[in-house]
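Inspection log for the structure reproduced underneath, given as structure tokens.
The values are calculated or read from the model by the stated rules, or taken from the named source; none is laboratory data. Computed from a prediction, not measured in an experiment: that's the story for all the values here. These accessible areas exclude ligands, DNA and RNA; they are computed on the full protein's heavy atoms, side chains included. Shrake-Rupley method; radii C 1.70, N 1.55, O 1.52, S 1.80 Å.
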Amino acid sequence: MAPVLCSSTSSEIRIGEVEDIQELRRARPTAVPERYVRDTNERPALSTILPSSLSVPVIDLSKLVCGTKRQSQEEMAKLTAACEEWGFFQVINHGIEKELLETMERVAKEFFMLPLEEKEKYPMAPGTIQGYGHAFVFSEDQKLDWCNMLALGVEPAFIRKPHLWPTNPANLSYTLEKYSKSIRRLCQILLMFISRSLGLSPNYFDEMFGVAVQAVRMNYYPPCSRPDLVLGLSPHSDGSALTVLQQDTASVGLQILKDNAWVPVHPIAEALVINIGDTIEVLTNGRYRSVEHRAVTNKETDRLSVVTFYAPSYDVELGPVPELVNDQQPCRYRRFNHGEYSRHYVTNKLQGKKTLEFAKIQTSY
């Protein structure tokens, strides 16, 4: 998902026209409604799943920040390999308090447990992707994700929609503010080390991004009687620079595409999952690539995730960093305005990495 921005389409379906998943499940239908049943080639049960022994890299941020020289060098090598070969990693010892993570998860879940009429006070209106409802829905025959979501713009101030910030639970807004400041600082630190891993100055991205855009999306995946037929979230890459995911440990839902097969991302207590977005792929001229990922559902257990998207200011012009373009690595992406790309992203349904075709000079490499 790209940072929250108003879209220009008029075909987005209102929340009232799309079943609320929790209400649908409470009705105990005898079969999964056809609107959610994936085409045969999209069903998770028929996908190639790589063994759990193949796992997403884990980066110890404390070793990068304050480890010995040798520890820092080793962790930097791991970070570089994670960005080049996976586009995903989990970060531990990131400095965000366990209590804050737990509180954020608790208040988010409390919101989703509210009666429908309370949640509908914050509707995701047509033409936007902020509020409670279904995003990226553009046609009546489009397959829907088995997911309820609350999406909010955080920074800068002009993207906020204060009337969509829930007042129930009472401490949700306060917790989200505190949480978002911590995640913002984490993104700045990670981008500093990612800059260094590319041979750039530590502050390269921070200075280029200007007042970075930050948005959060809370996803709730109720249990599904036929998880083999549905997807919690369609395969896609993110339009952000970095995405930070806090996933609960109740079940494994996130999967990433590697070598044409899906790899489950097993939760690690207190760890955060980081992934490279389309913006970093463009800036690094494809050296660090955004990766398709999806969410699957569980028959018995619900699942919650809190996702933060961090990206440059909308007025920033994006294109490959000149230092990363040469005769061996010719320019693969055109220059474009980040706001233009964000509008393009949010007005297209989630469909793999298709939205990045917007920026490519070459469609294969």
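From the convex hull of the Cα coordinates of the chain, what is the mean projected area in square nanometres?
Its average projected convex-hull area is 17.5 nm².
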*Whole-Hz Karplus ³J(HN,Hα) for segment 88-93, in order, using 6.51 cos²θ - 1.76 cosθ + 1.60 and θ = phi - 60°, x for Gly and Pro?*
9, 7, 9, 10, 10, 6
*Hits among aspartates and glutamates - C-alpha to C-alpha of LYS63 under 18 Å, sequence gap 8 or more where chains match*: GLU74, GLU75, GLU97, GLU270
*Using Cα-only point scatterers and the Debye equation, what is log10 of I(q)/I(0) for segment 224-365 at each q in 0.10 Å⁻¹, rounded to two decimals?*
-0.38
*asked:* Given a 10 angstrom Cα cut-off, can you work out which residue in SER305, SER237, SER55 is the most mobile in a GNM of the chain?
replied: SER55
*asked:* Per residue, how large is the accessible surface of the chain? Use a 1.4 angstrom probe and give square angstrom.
replied: 42 Å²
*After finding the eigenvalues of the alpha carbon gyration tensor for segment 71-150, what semi-axes result from the square roots of 5 times each, listed largest first in whole Å?*
36, 21, 9
*Provide the per-residue ³J(HN,Hα) series for segment 217-224, in order, calculated from phi with Karplus coefficients 6.51, -1.76, 1.60 and θ = phi - 60°, each as a whole number of Hz, with x at glycine and proline positions.*
9, 9, 10, 10, 10, x, x, 10
*Want the number for THR40 to ALA77: 0.36 nm per residue separation, take away the alpha-carbon distance, what's left?*
9.3 nm
_Residue order for HIS344, HIS293 - accessible surface, 1.4 angstrom probe, largest first_ = HIS344, HIS293
*Most mobile of GLN71, GLN130, GLN188 per a Gaussian network model of the chain (Cα springs, under 10 Å)?*
GLN71
*Which cross-chain or sequence-distant (5 or more) residues have an amide H under 5 Å from the amide H of ASN203, H modelled 1.01 Å from N in plane?*
none
*Scan around VAL213 for amide H atoms under 5 Å from its own, H built in the peptide plane at 1.01 Å from N, and keep only partners 5 or more places away or cross-chain.*
ALA311, SER313
_Under Karplus coefficients 6.51, -1.76 and 1.60, residue-wise ³J(HN,Hα) of segment 113-124 in Hz, glycine/proline x_ = 7, 5, x, 4, 4, 6, 5, 6, 6, 10, x, 7
*asked:* Probe radius 1.4 Å, ligands and nucleic acids ignored: give me the carbon and sulfur share of the accessible area of the chain as a rounded percent.
replied: 49 percent
_Cut-off under 5 Å, modelled amide H: who pairs with ASN337 long-range_ = LEU318
_Below 8 Å between Cα atoms, with a sequence gap of 6+, how large is the relative contact order for the chain in percent?_
24 percent
